[in-house]
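The values are calculated or read from the model by the stated rules, or taken from the named source; none is laboratory data. The model shown is predicted, which means the values in this text are computed figures rather than measured ones. Heads up, the Cβs are rebuilt from the backbone with ideal geometry, glycines too, and the neighbour counts pull from every protein chain shown.
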Amino acid sequence: MGKYFGTDGFRGEANVNLTVEDAFKVGRFLGWYYGQKAADSRCRVVIGKDTRRSSYMFEYSLVAGLTASGADVYLLHVTTTPSVSYVVRTEEFNCGIMISASHNPYYDNGIKVINERGEKLEEEVIDRIEEYLDGKIGEIPLAKRDSIGRTIDFAAGRNRYIGYLISIATRSFKNMRVGLDCANGSAFSIAKNVFDALGAETHVISNNPDGTNINTNCGSTHIGQLQKFVKDNKLDVGFAYDGDADRCLAVDENGEVVDGDKILYVCGKYMKEQGTLVNNTVVTTVMSNFGLYKAFEREGISYEKTAVGDKYVYENMAQNGHCLGGEQSGHIIFSKNATTGDGILTSLKVMEVILEKKQTLGKLASEIQIYPQVLKNVKVQSKAEAQDDADVQAEVEKVAKALGDTGRILLRQSGTEPVIRVMVEAQTDEICEKYVDQVIAVMKEKGHLL
């Protein structure tokens with residue numbers, strides 16, 4: 001991860017550590033950089049944004065920078081991150097930009113850059129953007145006269161994406177009562193249209209964005225509202241998205257949460273039965289639940305683990321030809337259809353399994369036993385020194401040996417805070433708590449804690 005860009009773009013509080021000047025400079029660099037690569041020297045960039053109040057401010061700043069560098073900018077307006085990815089790769093844009101801080105509070109925002117293949121931007125390009133932001137690259141020339149860029153309304157691109165989603169469904173959703181929680185974010189302009197077009201009886205909550213209510217007690221990070229809504233209205237299933245709709249968590253007919261791990265199991269098992277699970281492998285991250293791996297082993301499904309972040313999941317899938325991967329948090333990638341996590345696409349894929357198997361989501365998800373998990377974040381003086389300490393590692397090995405094949409332990413450095421995350425999954429909460437505290441006690445004894 002870079003100084004400004006993390007695993008999911010340049011993110012921070014609007015006008016605090018992500019400013020309009022930052023956005024302008026990112027636009028200036030991208031317009032110039034991709035202009036050098038464009039066949040006719042006229043760079044074409046597509047921009048989408050979520051519903052945050054500051055998204056308009058950043059959109060205009062990016063547009064100013066891009067057009068000043070000679071790029072033509074196509075505006076999708078309020079839309080989802082996966083729709084930007086889809087439009088980039090199908091309409092032959094040089095790159096795409098999504099203005100969103102995903103599941104963060106409304107006062108945060110972010111700039112996600114997508115390359116010409118619809119994938120998250122390469123690290124080497126991110127490094128060069130950061131060098132420009134830090135003044136390490138000479139001034140970029142301004143476009144002049146007819147080389148100055150322009151903006152084009154491109155709402156049609158979002159409509160094509162909606163049509164594409166509808167085309168993916170294998171059968172009608174008629175007689176299915178579906179609840180959608182749009183998180184007062186990007187999904188509000190797309191999700192209901194898709195489900196209505198497929199014949200569902202669609203019930204929607206949190207679809208009235210006002211610029212400051214995105215992700216506020218709603219969406220995939222606050223799923224309790226959807227759980228109650230599904231139960232109270234006796235719906236068949238519910239789906240919750242995050243602010244830019246690249247995540248999806250589900251709620252079954254009983255109001256129980258079906259997280260990303262359970263979705264990977266339900267879809268992975270179904271795809272294996274259909275003969276469409278390429279390489280018989282699902283890609284996960286190190287944070288997926290131990291119970292998911294036990295369930296995959298029972299079903300004869302192979303799996304791989306990556307670092308946390310759907311960027312790393314997709315890189316593994318692309319390199320090895322796998323077709324299904326994702327995270328516990330709900331970033332699920334179906335690489336036949338998308339190059340990034342897509343919440344609405346994920347909900348369509350879950351609907352396909354429900355309809356084709358003629359089973360409720362509760363029944364489908366009940367086959368996987370999620371192990372209890374205890375995760376504690378410990379503030380430390382040096383993440384590397386704390387994690388690499390020989391005594392700490394020895395204690396981790398001791399715990400791993402004690403757990404055997406009944407659980408696991410994981411130590412992971414936070415990418416954004418001076419924190420070590422200590423996680424144990426085991427058969428009971430008591431066992432988890434005991435082993436997490438044992439490892440933290442060694443860190444404390446060695447003087448690593450703040």
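So that you can scan it fast, the table gives a plain yes or no per residue for (1) in a helix (DSSP H, G or I); (2) over 13 Å from the mean Cα position of the chain (by Cα); (3) within 23 Å of residue 176 (Cβ to Cβ); (4) not hydroxyl-bearing (Ser, Thr, Tyr):
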position: 329; (1), (2), (3), (4): no, no, no, no
position: 336; (1), (2), (3), (4): no, yes, no, yes
position: 339; (1), (2), (3), (4): no, no, no, no
position: 345; (1), (2), (3), (4): yes, no, yes, yes
position: 350; (1), (2), (3), (4): yes, yes, yes, yes
position: 355; (1), (2), (3), (4): yes, yes, yes, yes
position: 359; (1), (2), (3), (4): no, yes, yes, yes
position: 364; (1), (2), (3), (4): yes, yes, yes, yes
position: 367; (1), (2), (3), (4): no, yes, yes, yes
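Only one of the listed residues (313, 283) is outside any helix (DSSP H, G or I) and in contact with a strand residue (DSSP E or B) (Cβ under 6 Å, 6 or more places away or on another chain). That residue is 283. Residue 162 fulfils the conditions (1) within 24 Å of the chain's Cα centre (by Cα); (2) within 23 Å of residue 229 (Cβ to Cβ) except for a single criterion, (2).
Of the set (1) surrounded by fewer than 13 Cβ atoms within 10 Å (Cβ to Cβ); (2) closer than 22 Å to residue 342 by Cα; (3) at pLDDT 95 or above, all apply to residue 144 but (2).
Can you name the residue in region 6-51 that is over 20 Å from the mean Cα position of the chain (by Cα) and aromatic (Phe, Trp, Tyr) and is also farthest from residue 139 (Cα to Cα) among such residues? By that ranking, first place goes to 34.
For the residues 221, 216, 151, the requirement of being closer than 30 Å to residue 54 by Cα, surrounded by fewer than 23 Cβ atoms within 10 Å (Cβ to Cβ) and at pLDDT below 95 singles out 221. When the helices (runs of 4 or more DSSP H) confined to region 378-450 are screened for residues that are touching a strand residue (DSSP E or B) at 6+ places or on another chain (Cβ under 9 Å) and within 27 Å of residue 298 (Cβ to Cβ), those reaching at least 1 such residues are found at 390-403, 429-445.
For (1) farther than 22 Å from residue 71 by Cβ; (2) free of Cβ contacts under 8 Å to residues at least 60 places away in the same chain; (3) in contact with a Cys (Cβ under 6 Å, 6 or more places away or on another chain), each residue gets a yes or a no:
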| site | (1), (2), (3) |
| --- | --- |
| 125 | no, no, no |
| 143 | no, no, no |
| 147 | no, no, no |
| 156 | no, yes, no |
| 174 | yes, yes, no |
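Scanning region 255-310 for residues that are touching a Ser or Thr at 6+ places or on another chain (Cβ under 9 Å), aliphatic (A, V, I, L, M) and buried (at least 16 other Cβ atoms within 10 Å of the Cβ) gives 263, 264, 282, 283, 287, 292, 301, 308.
Considering only region 225-248, I want to know if a residue exists there that is in contact with a Pro (Cβ under 6 Å, 6 or more places away or on another chain) and in contact (Cβ under 8 Å) with a residue 60 or more places away in the chain.
Step one: list which residues in region 225-248 are in contact with a Pro (Cβ under 6 Å, 6 or more places away or on another chain), which gives 246.
Of the ones still in play, those that are also in contact (Cβ under 8 Å) with a residue 60 or more places away in the chain are 246.
The answer is yes, given that some residue of region 225-248 is in contact with a Pro (Cβ under 6 Å, 6 or more places away or on another chain) and in contact (Cβ under 8 Å) with a residue 60 or more places away in the chain.
Conditions tested, residue by residue: (1) exposed (fewer than 14 other Cβ atoms within 10 Å of the Cβ); (2) touching a residue at least 40 places away in the same chain (Cβ under 8 Å).
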site	(1), (2)
396	no, yes
401	yes, no
405	yes, no
411	no, no
414	no, no
421	no, yes
427	no, yes
440	no, yes
443	no, yes
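Restricting attention to region 105-121 and to residues that are out of contact with any Leu (no Cβ under 9 Å at 6 or more places or on another chain) and under 19 Å from residue 335 (Cα atoms), the residue that is surrounded by the fewest Cβ atoms within 10 Å (Cβ to Cβ) turns out to be 117.
Filtered by the rule that a residue be of a type outside the set (A, V, I, L, M, F, W, C) and either touching a Phe, Trp or Tyr at 6+ places or on another chain (Cβ under 6 Å) or within 21 Å of residue 309 (Cβ to Cβ) (or both), region 129-170 gives 130, 132, 161.
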